Amino acid sequence: MAQSYRIAFSNDHGGIDLKKHLIEHAMAMGHEVLNLGPDETIPIDYPDVVQPVCEALYKSRADYGVLICGSGIGISIAANRRSGIRAALCNHHLMAKLARQHNDANILVLGQRLTTFDVAQDCLEVFLTTDFEGGRHLRRVEKLK
């Protein structure tokens, strides 16, 4: 069996449907899920939904995070302002693989308006099954602290 992780999910109003889909998929893969974002379509500012996922990572309540907004851009900018967070906006499985291998990303970011459910699902699977390579990449990641 593949390794099981605790994954913290959050979103703004532009990412509800994709979040629900990915939570179901993550649970079907055997992962534990923390749903830290809203499930209703009331507008909410994306910077406000980032902190619960970052806190879950800081306090070791989650191994990885997933953040979703309409495009993924705003929520990734908000997440990357926090210390120790390496949030990678991905729209292709190779981006998700390289985010883990080369950047030791700890949050996968997706845009519901720009990513199909199938592509997002592929990104999540690859993100969760790819290890950080370390080596020359470790020196670069250390410079981000």
- Message: As I understand it, the dipole of the chain uses +1 on the Cβ of Lys and Arg and -1 on the Cβ of Asp and Glu, about the Cα centre. Which of 34, 117, 105 lies farthest toward its positive end?
- Response: 105
- Message: Run the helix sum for the chain: -39,500 (n - 2.57) per DSSP H stretch of 4+ residues, divided by residue count, reported at 222 nm to the nearest 500 deg cm²/dmol.
- Response: -13500 deg cm²/dmol
- Task: Just grab the label-to-label distance for residue 59 and residue 3, each label 7 Å out from Cα along the Cβ direction, in nm (one decimal).
- Result: 2.4
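Restrict the search to segment 15-76; then list the trypsin sites (Lys or Arg not before Pro) that DSSP places in a loop and that have at most 11 other Cβ atoms within 10 Å of their Cβ. Could you put the intermediate results ahead of the total?
Values: sites: 19, 20, 59, 61; in loops: 59, 61.
Listed in order of number, the matching sites are 59.
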- Query: How much net charge surrounds residue 141 when only other residues with a Cβ under 12 Å from its Cβ are counted (Lys, Arg +1; Asp, Glu -1)?
  - Reply: +4
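Based on the Cβ-Cβ distance from residue 83 to residue 139, what FRET efficiency comes out when R0 is 22 Å, to the nearest 0.05?
Values: r = 19 Å, r/R0 = 0.86.
Working from the Cβ atoms, E equals 0.70.
Express in nm, to one decimal, how much length is gained between residue 94 and residue 39 on full extension, taking 0.36 nm for each residue of separation and deducting their alpha carbon distance. Write out the running numbers ahead of the final one.
Details: separation 55, 0.36 × 55 = 19.80 nm, distance 2.91 nm.
Residue separation times 0.36 nm, minus the Cα-Cα distance, leaves 16.9 nm.
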- Mean shadow area (nm²) of the C-alpha convex hull around the chain is 7.8
- If you average 1/r over all unlike Cα pairs in segment 1-81 and invert the result, what Kirkwood radius do you get in angstrom? 12.6
- Taking the Cα centre of the chain as origin, work out the dipole magnitude from +1 charges on Lys and Arg Cβ and -1 charges on Asp and Glu Cβ, in debye rounded to 20. 740
- Query: Near residue 61, within a Cβ-to-Cβ distance under 14 Å, what is the net charge of the other residues, with Lys and Arg +1 and Asp and Glu -1?
  - Reply: -1
- Treat the count of other C-beta atoms within 10 Å as a stand-in for reagent exposure and order 58, 64 from fewest to most. 58, 64
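Taken together, the values in this text are just the output of simple stated rules run on the coordinates, not laboratory data. It should be emphasised that the depicted structure is a prediction, and the values quoted were computed from it without experimental measurement. All Cβ positions, even for glycine, are placed from backbone atoms using ideal geometry, and neighbour counts span all protein chains on display.
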